[in-house]
Every structure is written in C-alpha cells, then in structure tokens.
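K.L.:
The following block contains the structure, expressed as structure tokens.
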C-alpha cells in the first residue's frame with residue numbers, strides 16, 4: 001500500500017526527474033517519484049551520457065578555452081534564434097556548476113576527455129564513462145536511495161488534480177502498460193508542494209509528432225524507446241499549460257537504417273566519422289555537407305538526397321578516438337574494408353570520384369585549401385587513407401523533440417497567458433524553448449540537470 | 001434584443017467567416033455572425049485581395065499554363081514539407097472552383113491580369129480590383145444581406161459551451177473592446193449545428209507570438225490590425241483543441257519601417273520592386289538574395305543584415321506594372337530620384353558598387369549570365385536604368401501566423417488525440433498546417449474561401 005500523501009510528486013525518472021528528486025529530498029521534502037515503466041531512466045538511460053559544459057576543470061586540463069557566453073551563442077545559432085533567451089542563459093551559466101554537482105555530489109565518473117560535437121565552437125562534451133546515460137542514472141538512483149526515496153515503478157501519472165487553480169496532486173494508475181495505455185487500478189496522490197513533470201519527449205508518438213511535422217510518419221524510425229509518448233504533455237495542456245514550438249523535432253543524422261532504435265552505429269558516426277571522416281553521396285562519391293554542421297542541417301541534407309548516404313572513416317581515426325565500435329561491427333552496421341575498392345564495390349560508389357573527394361579532404365587537413373561546405377577541422381584532424389576503412393550507411397531517425405511545455409527560468413509551467421500555473425513545474429525534454437529550432441548534441445543532459453535541480457528547489461521553497 | 005438560438009455561429013467576418021456564412025445560409029441554416037469589431041472584414045479587408053488560383057480561365061487568357069499539381073508542389077516547397085498534405089491538396093484542387101464562385105456567385109470583380117508572386121512557379125495571383133480585400137468583403141456582405149443574415153458587431157465569442165463533449169453554443173460579450181478585452185454584458189447563444197471559428201491569426205499578439213518565436217517581441221512591427229489576437233485560439237485550446245505549428249510565423253519582407261501597419265510601401269515592393277527591381281545592402285550597394293524567393297527566405301536575409309535594406313526599381317518597371325504608388329510617394333515611404341547619384345546620397349550607398357550591381361542585373365535580364373542567388377526572371381523582365389529611380393527601405397513585419405488549430409480537410413477541429421471535436425469547425429488563418437513553415441503570397445485568400453465554404457457546408461450537413 002502506497003502512501004497517498006507527499007510534498008512533491010515527480011513524474012519521470014530520467015536525468016531531469018532524478019535531479020529534481022535529489023534536490024527536493026535533500027531539502028527535506030517527502031518525495032514520490034512515479035515511473036510508468038518497470039525500470040528507471042526512461043530515454044536518459046539509453047543516451048550516450050554526453051553533457052555539454054562550458055568552463056569545466058576538465059576543459060582547462062585539456063587546453064580548451066570556453067565560456068558561458070560562447071556556449072550561449074552556439075545554442076542560439078543552432079536554434080535559429082527561436083530559443084528562449086532566459087532559459088539558454090540559465091543553462092549556459094549553470095552548466096559548470098551542474099557538472100561539478102554530478103561529479104562531487106552524485107559521484108558520476110566522467111571520462112578524461114572533452115569532445116567536439118557538431119555546432120559547438122570548442123570541445124565541450126563531457127562523456128560519462130562507458131558512453132552511456134546509465135553511468136549517470138545509476139549513481140543518481142543510489143543517491144536517491146541514500147535519501148530514503150524510492151521510485152514507484154509501473155505507476156503512471158494519469159491526471160493532474162487542481163484545486164482553486166493550483167495543482168495539488170495526481171491520479172495515478174498502477175501496473176501501467178504503455179502498450180494499452182492503461183493500468184490495473186488508480187489512486188489519488190496528494191502533493192502539498194507541487195508536481196514536477198519530467199516525462200521526456202514525444203519522439204515515439206507518431207500521431208502527435210506527425211500532426212506537428214507531417215514528414216515524420218511511421219516510415220521514419222526513432223532512436224527513442226517506444227514509450228516516449230506525449231501523454232503528460234497532453235495532460236498539462238488539458239489543464240491550461242501553454243505549448244511551445246511543438247513542431248520542432250530533431251532528427252539524428254548519425255542513425256543507421258540497418259538497425260532499430262538508437263543502436264550502435266551512432267557511436268562510430270558521431271564520435272569518429274563526422275569529426276575525422278566524411279559523408280558522401282554513394283551515387284556520386286562526393287561530399288555535400290559540412291559534416292560538423294548541426295544535426296538539423298546534416299539531417300535535412302541527407303533526407304534531401306532521398307536515400308541513405310555513407311559515412312566513411314579509417315583505422316587511423318578509429319584507433320585515435322579509441323571508441324569500442326565492436327558491437328556495431330559485429331551487427332554489420334559499420335563495415336570494414338581493406339581497400340577503397342572493396343568499399344566502393346559494396347555500396348556501388350564510383351571509385352575515382354570518391355578518391356578525389358578523399359584527396360580533396362586531405363588537402364583541407366593539410367591546410368592547403370578551404371572547405372566549400374564551411375567545415376572547420378579540429379586541431380587534431382588527420383588524413384583519411386589508412387586502411388582498413390570503416391563505413392556506415394546513414395538515414396536520420398527522430399531523436400529529440402525540442403518543443404514542449406512553456407516554462408520560466410524557475411522551471412514553473414506557464415499558461416496560455418504567460419502566467420504561472422501554481423504547483424506545476426517541468427524540466428527536461430518535456431519542456432520547450434531551451435533548444436529552439438535545433439538542439440546541439442550533449443545539451444540535453446545539461447538541460448535536464450540544470451532545470452531538474454531548479455524544479456526540485458523551486459517546488460521545495462514553495463513560493464509558487 | 002438578439003435571438004439566443006440559431007443553427008450555426010460563426011466567429012469572425014473576414015474571408016473565411018463570410019464564405020462559411022454564405023454557404024450555411026444558402027443551405028437554409030439560421031446563421032449568426034459574431035464580429036468583435038465595429039466593422040466587418042478583420043484583417044481580410046486590409047489585405048491586398050490577391051488570390052492564388054491554379055487553372056483559371058484568366059490564366060489561360062494570359063497564356064499561363066498551370067495545374068493543381070504544380071500549385072501543390074510550390075506550396076509544399078515553401079512550407080518545407082511541414083504542410084499537412086491533405087489540406088494542401090484540397091486547397092490546390094479547389095482553388096479554381098473557389099475563384100469561379102467568387103466571380104459568378106459573389107460577383108467579385110478581379111483585374112484582367114495574373115501576377116507572379118515569389119515562390120510561385122507561374123503567374124497565379126488573381127487580384128481583386130483596387131488591390132484591396134475590401135473588393136471581396138463588400139460583395140460577400142451584400143450577398144449575406146440578400147440571404148437575410150446580419151452581422152452582430154462588437155459581439156465577441158468569449159467562451160465555447162460544451163455539452164457531453166459537443167460544442168453547442170457560446171457565451172458572447174456585447175459592446176466588446178479589444179483594448180480592454182471586455183464587453184458590457186454577456187449572453188448565451190445556442191447553436192444546434194455547431195460553431196465555426198474564423199477569427200484570424202495572432203500576428204498582433206506580442207506575448208503569444210513571442211512565446212513561440214522570441215525574436216518577435218515588441219521591437220518588430222506587424223502589418224496586421226492591432227486586434228489580431230490569439231483569444232479564440234486559446235479558447236479552443238482550453239476545450240481540448242490541438243495546436244499545430246504555432247511557432248511558424250511569417251514576416252513580410254516588403255514592409256517599410258517608415259510607416260506603421262501594412263502601409264502603402266508593399267504595393268511598390270511586392271508588385272514591382274521584387275519582380276523587376278533589386279534589393280541591395282545599403283552599406284555595400286550589393287545584392288544578397290534572390291528577390292523572388294519566398295517570404296521567409298527574403299525576410300530572414302534582411303533581418304540577418306541587422307538593418308533596413310533597399311528595394312530599388314525604375315520608372316520603366318513602375319510604368320509597366322501600372323500600380324498606383326502615389327500614396328506611398330506622398331508619404332515618403334517610396335522615394336523618387338532623378339539620378340542614381342541622388343539615390344546614393346540619400347541612403348549613403350556607395351555608387352560604384354551599386355552601379356556594378358545594376359549592370360550585373362541587366363546582364364541577367366539580357367540572358368548573358370546566370371544569377372548567383374538563383375533568381376529566375378519573368379519573361380517580361382526589363383533592364384533597370386530608366387530614370388527616375390524609385391527606392392524604398394525594407395524591414396520585415398509580422399504578417400501572417402501559419403500555425404493555429406488542427407483541422408481535417410472537412411474543416412473540423414481535432415483534439416490532441418486527432419479526434420474530431422463534435423460541433424467545432426475552423427477556417428482561415430486561425431487554423432494551422434495549410435501553409436507549413438511559410439505561406440506563399442496570395443494563398444491566404446484561397447485558404448479562407450476554400451475552407452470557409454467547407455466549414456459552412458460541413459456544419460450545415462450536421463454529420464459532425
């Protein structure tokens with residue numbers, strides 16, 4: 001029998017929900033975390049666990065000069081100016097503190113490296129060990145347990161309870177199945193301080209996402225878990241929350257059509273191929289895009305080709321970056337070729353133009369020319385040409401939903417008139433406005449931690 | 001004393017509302033048209049009254065080959081594929097019939113010409129006489145009067161009434177003032193067949209539009225009337241209607257910072273300057289954009305310059321197109337210069353580069369080179385260089401809101417689960433999905449007439 005009273009309800013147990021729960025519990029609140037699935041972490045746990053941070057000790061150690069201001073500019077540029085400035089400012093101002101909190105308070109292990117992701121001006125992505133969000137979720141769970149908070153698995157926030165315009169609790173269904181959308185029974189849970197929505201995005205919700213972007217019907221895959229639905233967003237809209245930029249939905253350009261879900265190919269493409277290698281049209285053997293452009297630009301370019309394109313790198317780069325791409329190789333998502341000829345034979349690429357594209361790229365590496373596509377190479381760029389070669393087919397998948405609930409910088413949910421809905425908070429992918437038209441890689445973890453913590457503290461101090 | 005019973009309530013008396021009202025009244029329904037302002041026509045009456053039609057007799061007369069399929073492709077291209085295909089198909093399939101209806105049944109006078117607007121592949125814009133939407137609204141009002149329907153002015157639909165999930169009427173405030181958002185008294189109006197929302201867009205609603213696109217704060221003007229607010233959209237969302245693509249808001253690139261509202265400059269810029277003239281950066285004297293690209297592309301390019309740019313044409317073009325730009329000249333929004341030197345002196349443009357830009361453009365006109373910006377000139381393009389010159393400063397204004405309520409092709413409003421909300425219909429700018437990311441010029445009238453008529457008929461047949 002679960003208690004039906006608490007101070008704060010948190011719906012969702014990904015990065016945002018657990019960050020909120022830890023802050024609220026540390027502040028002394030009685031917290032109930034609802035997780036509709038049977039395990040914690042939602043989509044966070046299958047992410048790669050990379051976190052964009054400006055001004056960390058780790059960056060300094062690796063000789064990277066960065067600042068919140070530069071980070072802000074990068075996010076606004078990628079977002080095409082649609083980002084809500086106050087949210088971006090908060091995220092970029094607090095990224096270094098959020099990272100320190102993860103390292104020092106939550107005991108997350110990060111790798112001793114910082115990576116340059118597309119659209120970022122400098123190496124800024126701090127990867128949790130084993131390149132998985134589980135390396136962040138697990139210590140968060142441990143911390144939460146030490147604070148005496150348990151997660152109610154299979155419990156779904158079905159309906160928000162309002163009293164005199166204030167959110168005071170929720171109707172929860174138990175033994176929830178996301179396939180049927182139903183649970184076995186329901187109970188009411190009162191929350192004296194408020195409800196925090198941290199249920200993630202709607203990347204797997206085909207009817208909802210395709211109403212906003214009709215291109216994204218069932219023919220387009222997703223890197224998300226199948227339970228990434230819009231239910232909590234709809235429930236918040238039902239009680240008057242304002243939607244923001246719902247039609248901005250991000251495709252991951254580093255996804256493979258040769259595996260389902262997020263898969264194992266992206267580790268190769270995003271962490272090695274796009275940085276040290278090239279993308280070519282298999283029909284012409286030619287490059288057609290700045291491989292380091294942001295996700296929207298690269299995805300739109302590949303979709304525009306109307307067919308999967310090829311990401312090509314070589315053993316020098318794969319050995320240098322050091323990522324373990326064994327799984328992708330065993331699945332056949334990334335393939336090895338001892339000669340360029342063999343690679344061309346496999347994919348039907350004309351060899352001479354491909355060789356010319358590679359020669360051209362190597363001229364860039366050697367600083368002998370500028371790139372027609374605007375690519376700026378990292379300081380440690382290297383020639384492409386050391387056999388064996390590695391190649392992967394690319395076809396975008398729905399990866400992240402930039403739109404969501406309208407919040408202010410205190411993570412309070414706003415209504416259609418821009419007024420705070422008392423007792424209702426939100427953080428993470430369920431919110432809109434942080435990333436604008438396009439999210440930069442590794443900014444989601446930062447958003448979840450910064451605004452999750454904010455929501456936890458804000459609900460705690462009860463001024464809303 | 002107004003009757004408090006009718007078959008169909010229509011909120012809004014622009015192109016969409018009046019089209020719906022005429023169809024419903026012709027079908028025998030008792031219709032009440034609510035207009036919150038003191039006069040009919042909303043923003044429609046201040047539009048230029050241009051209607052995009054594919055396959056009209058007028059096009060054939062002027063030797064233009066066109067088809068619904070080509071029109072469909074043009075709209076999808078401009079909309080970046082975000083358009084809802086079924087809505088675009090309906091609009092493009094029925095544009096010719098809608099135009100015939102206006103000419104034959106409503107007795108609208110159109111000019112004997114078809115114009116090429118940016119983003120359209122062929123001349124397709126059919127302009128009502130005097131280049132004003134009033135030339136369509138007035139005969140529509142006359143038709144409505146002949147059907148015995150009067151418009152309730154100053155009556156605002158404040159709240160929708162639901163009974164068992166069906167919209168059955170509305171709470172109406174009388175003597176409404178859009179400035180206070182209040183009326184003097186309220187009454188309930190029952191509608192046995194349904195309510196049609198045709199209240200237009202939210203271009204003048206700064207808080208609402210800037211939540212969706214934070215760039216569009218009070219520093220950006222609008223071509224809309226100040227009453228173009230989101231109130232009806234919010235009311236529909238309150239009862240569960242789904243929003244679609246609210247963050248897609250169109251700026252008019254042909255607007256002038258030297259007058260308020262839509263003004264008189266656009267007639268010069270859009271109908272002469274962008275077709276036969278050029279746009280230059282006043283600092284460099286150089287072109288920087290395909291002047292015939294769609295509104296989004298041109299607006300973003302001008303905004304990207306961070307300062308007003310110049311539209312330049314000459315007397316050969318102005319005389320040829322024949323538009324009466326006297327009002328813009330008297331206001332000083334468009335200026336005349338007897339020499340290029342004088343023009344340059346006025347705006348601080350370096351003369352040699354401007355002369356080079358003009359010479360370059362004339363090479364295009366003469367077919368001696370291709371345009372680096374992708375501009376394709378009309379068959380009747382002419383050299384730029386016949387004094388006097390005409391110039392106008394350009395700075396985009398919010399012109400149209402592509403987003404709005406989710407409807408199906410029968411103009412029925414859908415909820416967040418894609419289900420029809422019984423008794424609720426919508427048409428025109430209040431709806432989303434027709435134009436996707438960017439509306440092409442003169443497609444709004446078509447959308448209003450096609451979906452307004454559809455809503456009227458659909459509410460009439462009562463199958464919803």
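Nothing in this text is a laboratory measurement; each read-out follows from the coordinates by a stated rule. Quick caveat, the model's predicted, so the values are computed rather than measured. All Cβ positions, glycine included, derive from the backbone under ideal geometry; neighbour counts span all protein chains shown.
K.L.:
Set the Förster distance to 41 Å, then compute FRET efficiency between residue A:461 and residue A:288 from the Cβ-Cβ distance, nearest 0.05.
P.N.:
Once the sixth-power term is evaluated, E becomes 0.20.
K.L.:
While we're looking at this one, here's another question. Using the Kirkwood formula over every pair of different C-alpha atoms, what hydrodynamic radius in Å results for the range A:241-289?
P.N.:
13.2 Å
K.L.:
Sticking with this structure for a sec: If each of residue B:370 and residue A:80 carries a label point 7 Å out from its Cα toward its Cβ, how far apart are those two points in nm?
P.N.:
Reported label-point gap for residue B:370 and residue A:80 is 2.6 nm.
K.L.:
With everything on Cα atoms, drop me the angle between helix B:15-26 and the longest principal axis of chain B, reported from 0 to 90° to the nearest 10.
P.N.:
It works out to around 40 degrees.
K.L.:
For the range B:68-221, what is the Kirkwood estimate of the hydrodynamic radius, computed as the reciprocal of the mean inverse distance between distinct Cα atoms, to one decimal in Å?
P.N.:
Values: mean 1/r = 0.0514 Å⁻¹.
Computed over Cα pairs of the range B:68-221, the Kirkwood hydrodynamic radius comes out at 19.5 Å.
K.L.:
Under 8 Å for C-alpha pairs, at least 6 residues apart: give me the relative contact order for the range B:254-395, rounded to a whole percent.
P.N.:
38 percent
K.L.:
Give me log10 I(q)/I(0) at q = 0.13 Å⁻¹ for the range A:181-304, Debye formula, one equal scatterer per alpha-carbon, no solvent.
P.N.:
Ignoring solvent entirely, the Cα scatterers give -0.69.
K.L.:
How far apart, in nanometres, would the label points at residue A:100 and residue B:359 be if each is projected 7 angstrom from Cα along the Cα-to-Cβ direction?
P.N.:
Distance between the two pseudo-spin positions: 6.2 nm.
K.L.:
Find every distance from the label point of residue A:462 to the corresponding label point in the other copies (7 Å from Cα along Cα→Cβ) and write them in nm, one decimal, shortest first.
P.N.:
Computed spacing set for this position: 5.6 nm.
K.L.:
Label-to-label distances across copies for residue A:341, with labels 7 Å out along Cα→Cβ, in nm, shortest first?
P.N.:
Output for residue A:341: 7.1 nm, nearest copy listed first.
K.L.:
Follow-up. Using Cβ counts within 10 Å as a stand-in for footprinting exposure, how do A:10, A:137 rank, fewest first?
P.N.:
A:137, A:10
K.L.:
Please order A:344, B:311 by the number of other Cβ within 10 Å, starting at the fewest.
P.N.:
By the 10 Å Cβ count, ascending: A:344, B:311.
K.L.:
Additional query: Note the angle between two axes, namely the Cα long axis of helix A:134-146 and the longest principal axis of the Cα atoms of chain A, as a number of degrees from 0 to 90, rounded to the nearest 10.
P.N.:
20 degrees
K.L.:
So for chain B, what percent of the C-alpha to C-alpha distances run longer than 39 Å?
P.N.:
Here the tail beyond 39 Å accounts for 21 percent of pairs.
K.L.:
Helix A:295-305 sits at what angle to the longest principal axis of chain A, using alpha carbons and giving 0 to 90 degrees rounded to 10?
P.N.:
60 degrees
K.L.:
Can I ask one more? Could you pull the copy-to-copy label distances for residue B:178, with points set 7 Å along Cα to Cβ, in nm to one decimal and sorted shortest first?
P.N.:
Residue B:178 label point versus its equivalents elsewhere: 4.5 nm.
K.L.:
Would you work out the relative contact order for chain B, in percent, from Cα pairs under 8 angstrom that are 6 or more residues apart? Write out the running numbers ahead of the final one.
P.N.:
Values: 1121 pairs, mean separation 112.4, N = 464.
It comes to 24 percent, rounded to a whole number.
K.L.:
Do the sum for chain B: with -39,500 (n - 2.57) for every DSSP H run of n ≥ 4, divided by all residues, what is the mean residue ellipticity at 222 nm, to the nearest 500 deg cm²/dmol?
P.N.:
Calculated mean residue ellipticity at 222 nm is -9500 deg cm²/dmol.
K.L.:
In whole Å, largest first, what are the principal axis extents of the Cα atoms in the range B:335-464?
P.N.:
Each principal axis gives a Cα extent; for the range B:335-464 these are 66, 31, 25 Å.
K.L.:
Given the C-alpha centroids of the range A:345-374 and the range B:241-303, what is the distance between them in whole angstrom?
P.N.:
The range A:345-374 and the range B:241-303 have Cα centres separated by 38 Å.
K.L.:
Between residue B:346 and residue A:352, what's the calculated FRET efficiency when r is the beta-carbon distance and R0 is 60 Å? Round to 0.05. Please list the in-between numbers first.
P.N.:
Working: r = 56 Å, r/R0 = 0.93.
Plugging the Cβ-Cβ distance into 1/(1 + (r/R0)^6) gives 0.60.
K.L.:
Based on Cα positions only, what radius of gyration and what Dmax would you give for the protein assembly as shown, in angstroms?
P.N.:
Reported Rg and Dmax, both Å: 29.1, 88.
K.L.:
Moving to a separate point now. Using the count of nearby Cβ atoms within 10 Å as a rough guide to exposure, how do A:163, A:335 rank from fewest to most?
P.N.:
Details: A:163 11, A:335 18.
Going from sparsest to densest Cβ surroundings: A:163, A:335.
K.L.:
If you find the alpha carbon centre of the range A:85-130 and of the range B:80-125, how far apart are they in angstrom?
P.N.:
Taking the Cα centre of the range B:80-125 as reference, the centre of the range A:85-130 is 52 Å away.
K.L.:
Out of all Cα-Cα pairs in the range A:1-65, roughly what percent, to the nearest whole number, are more than 19 Å apart?
P.N.:
Details: 1055 of 2080 pairs.
Tail fraction, whole percent: 51.
K.L.:
Taking every pair of distinct Cα atoms and averaging 1/r, then inverting, what Kirkwood hydrodynamic radius in Å comes out for the range A:189-262?
P.N.:
Answer for the range A:189-262: a Kirkwood hydrodynamic radius of 13.9 Å.
K.L.:
Cα-based Rg (one decimal) and Dmax (whole number) for the range B:254-395, in Å?
P.N.:
Considering the range B:254-395 through its Cα atoms, Rg and Dmax are 13.6, 41 Å.
K.L.:
Right, next: Take every DSSP beta bridge whose two residues both sit in chain A, then give the antiparallel share in percent to the nearest 5.
P.N.:
Numbers: 45 of 63 bridges.
Looking only at bridges with both residues in chain A, the antiparallel portion is about 70 percent.
K.L.:
A follow-up question, please. Can you give me the distance in nm between label points at residue B:339 and residue B:320, each placed 7 Å from the Cα along the Cα-to-Cβ direction?
P.N.:
The answer from the label model is 2.6 nm.
K.L.:
Between the range A:393-446 and the range B:177-202, how many Å separate their Cα centres?
P.N.:
Centre-to-centre distance over Cα atoms comes out at 32 Å.
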